[in-house]
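This report refers to the structure that appears directly beneath it.
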Amino acid sequence: MTIREMLFGNWGYGAARQFDVTGTGAVELTKRHHTFSLTKQGAATGNLRVNLSWRMRTSDFMDDRSTSLGAGLRHPFRKFAPDVVAAQGPAMVNVDLDLACMYELKDGTKGVVQPLGNILGSINSPPYIQLSGDDRFGSGAGEDIYINMDHREEFRRLLVFVYIYDGTPAFDRTHATVTLYPGNGPQLEIALHERAPEARSCAVVMIENRNGDIVVHREMKYVYGFQSELDRLYGWGLQWGRGYKSKV
């Protein structure tokens, strides 16, 4: 048995050929392969865990140094050129990323689950979506949203998004990844690595009920405002106000 067969034996070799696969065996949703049917893979039951993991890193100063060293080997006379003056010391990016979900149910109910305002939702009653908590420092565990897929027939669409509550708008310097863990089948990964230096919010994935077929679609749309701008982009129609978190 090949490694590919071992990784995908429980959900079909054909599916393995249709998606990009990470070293851990997870399916990576990309621009090329952006849609995944949970229903067709038998993964539309139980609790779907959506995780945001991220970590802050220093500036690109060290990356620039390593790049210049490599360039020096290719262009030996460049070492005699004067160095570019850089800021003293690596600057630490200060970012607080939040995981959230706008939902629309079949009965027309709309709302949001998010850390801001402590709107945590509920897993066993409408909207059948619950946020586990708020990670303000980029810990290894990150933040989790749980979606009760046993009530999938009551969902119309769910928009999972990430926003920068406070700090520098720097999605491209936080090493953020959103991972979906279905109750069955492979996990799905979406890396937030596209450059959008001034963006403060990003629509990551849309989960839709398409006539009983629960489909995950990679969105990756950055906006320069907050939830209200994502709302306008997707036509949700909610009322928004400015909110704040308590100090830690």
Quick test of your reading of the structure: ALA87 fulfils all but one of (1) crowded, with 17+ Cβ neighbours inside 10 Å; (2) at pLDDT below 80; (3) not basic (Lys, Arg). Name the failing condition by number. (1)
Residue ID - modelled with the highest pLDDT, chosen from residues in region 14-59 that are over 30 Å from SER122 (Cβ atoms) and open to solvent by less than 20 Å² (accessible area, probe 1.4 Å): GLY25
So is ASP231 touching a His at 6+ places or on another chain (Cβ under 7 Å) and assigned to a helix (DSSP H, G or I) or not? no
Specify the residue that is farthest from LEU48 (Cα to Cα); the eligible residues are those in region 104-118 that are under 19 Å from the mean Cα position of the chain (by Cα) and at pLDDT below 95. LEU116
In region 171-190, what residues are of a type in the set (A, V, I, L, M) and modelled with pLDDT under 90? ALA176
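The values are calculated or read from the model by the stated rules, or taken from the named source; none is laboratory data. Computed from a predicted structure; not experimentally measured. Virtual Cβ from ideal backbone geometry, glycine too; neighbours counted across all protein chains shown. Note: accessible area is taken over every heavy atom of the protein model, side chains too, but ligands, DNA and RNA are not part of it. Shrake-Rupley method; radii C 1.70, N 1.55, O 1.52, S 1.80 Å.
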